[in-house]
Amino acid sequence: LELFSVLNDIKRLSVVRSGLCPDWENWDPSQPVENAREAMQQADDWLGVPQVIAPEEIVDPNVDEHSVMTYLSQFPKSRLKPGAPLRAKTLHPKRARAYGPGVEPRGNIVLKPAEFLVETVEAGLGEILVYVEDPEGHTEEARVIPNNDKNRSYSVVYLPKVEGLHKVKVLFAGQDIERSPFMVNVSKALGDPSRVQARGPGLQLSGNVANKPTYFDIYTAGAGAGDVGVVIVDSNARRDTVEIVLENKGDSIFRCTYVPVLEGAHTICVTFAGQQIPRSPFTVNISELSQIALPPSGSPVHREPVSVPQTACTPPSDRTRRAPPPPTPPRSRRPTCNPNSCRASGRGLQPKGLRVKEVADFKVYTKGGGSGELIVTVKGPSKTSLDIFIYSI
């Protein structure tokens, strides 16, 4: 017989049948002779099982199997003597330990099962109970499943239903184990960025123009909960030059309207629940508005002078000289201006949200655009003229 099997047979017979050695599971395995002597002496004194074999022999791997079986065969018929010093089993709740994601301070999510293990091999034999209290004060008992392994471990599962700080109380034989109660912070459920889509003219590779509003829509239906984020990096690798307006249109649709200022390649990053959505980042090439040189209103029209050729009837002897033509007047110059450096934004330029008979205002920023006249034209569905007021601020 193997040493492990022999010792456990002796211990189990002593403990289960009599309770004379309630702490046999905590005995030091490095002292097999002392352990066997203690168990065999208790059996001799209070169960009437004589020691037909010595403790030193029974722990010997080369022991005679017939002698061991003869000794063990006495236990089934033995009876506990009156006055036996029965002792309650000593329990050590603080020696039980719990570990796993379900008792970690962070990382647990609403409506996602939280799991952890409880090991009781050093705590003794006792019942495991787990209670979870949410931030609103509601307490539920968690599911505890024995694994029946050598560590006497238990698998625990609970389902947090609200976000916030949860209190996980782990009891062994009615007492808190080490570190119990555990404080667990549960976060809200994160959405799935892979289910989010973005499309619209503002994401087209070409066709967008500097200083002209453009937009695109972000569709989050079926992606769960999460925040929508948009970051636009201009052609100079700056993130603070493009004005962005993010609007919740309802039905899980968000509209992003932006006004690029510079021409060149822009990078648009769209995130959901803190992560990039499919195809993000997007590359958008911003073009510059073509400038058409038109004379300013009210400028005089210059005509080149027409020279009159000398006629053939003029006598060659005529020494009179033709008067020189009048000097050409200087060509008028247009004031230097750069419309592409101007930009406009405001409620009056939004594609939706305006009401009839309501003032729609917006601002035009001309810093860096030079000098020139500002003209605003509004074309509506009818030919009725609209009142437009322009004032400097």
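The values are calculated or read from the model by the stated rules, or taken from the named source; none is laboratory data. Keep in mind the model is a prediction, meaning the values are calculated, not measured. We place every Cβ from the backbone using ideal geometry, glycine too, and count neighbours over all the protein chains shown. Heavy atoms of the whole protein, side chains included, go into the accessibility calculation; ligands, DNA and RNA do not. Shrake-Rupley method; radii C 1.70, N 1.55, O 1.52, S 1.80 Å.
Quick one: which of 77-84, 209-216 comes out on top by average Cβ neighbours within 10 Å, and what's the full order, highest first?
The peptides rank, most packed first, as 209-216, 77-84.
Note that region 140-208 carries a Kirkwood radius of 16.6 Å, evaluated over its alpha carbons pair by pair. Summing Lys and Arg as +1 and Asp and Glu as -1 over all other residues whose Cβ lies under 13 Å from the Cβ of ASN208 gives a net charge of -2.
Projecting label points 7 angstrom from Cα along Cα→Cβ for ILE390 and SER67 puts them 11.7 nm apart. Extension gain, ARG143 to ARG347: 0.36 nm times the residue separation minus the Cα-Cα distance gives 67.9 nm.
In this structure, THR377 and ARG195 have a Cβ-Cβ separation that, at R0 = 51 Å, corresponds to a calculated FRET efficiency of about 0.75. Given LYS81/LYS150; LYS212/LYS352; LYS77/LYS150, which pairs have Cα atoms separated by over 25 Å? Going by Cα-Cα distance, LYS81/LYS150; LYS77/LYS150 fall outside the 25 Å limit. Rounded, prolate or oblate: which fits region 93-186 when a ≥ b ≥ c are the square roots of the eigenvalues of the alpha-carbon gyration tensor, with rounded for a/c under 1.5 and prolate only if a/b beats b/c? Cα axes put region 93-186 in the prolate bin. Summing +1 for each Lys or Arg and -1 for each Asp or Glu among the other residues whose beta-carbon sits under 14 angstrom from that of VAL110 gives +1. Modelled label positions at GLN74 and ASN236, each set 7 Å beyond Cα in the direction of Cβ, lie 9.9 nm from each other. Each label was represented as a point 7 Å from its Cα along the Cα-to-Cβ direction; for LEU205 and SER252 these points are 3.0 nm apart.
Considered as an equivalent ellipsoid built on the Cα gyration tensor, region 193-286 has semi-axes of 22, 13, 11 Å, the largest given first. Close amide H partners of LYS161, meaning residues 5 or more places away or on another chain with modelled amide H under 5 Å apart, are LEU111. Net charge dipole, region 137-184: roughly 80 debye, given to the nearest 20, about the Cα centre with Cβ charges of +1 for Lys and Arg and -1 for Asp and Glu. Please report the carbon-and-sulfur percent of the accessible area for region 93-186; probe 1.4 Å, protein heavy atoms only, DNA, RNA and ligands left out. Carbon and sulfur atoms account for 50 percent of the accessible area of region 93-186.
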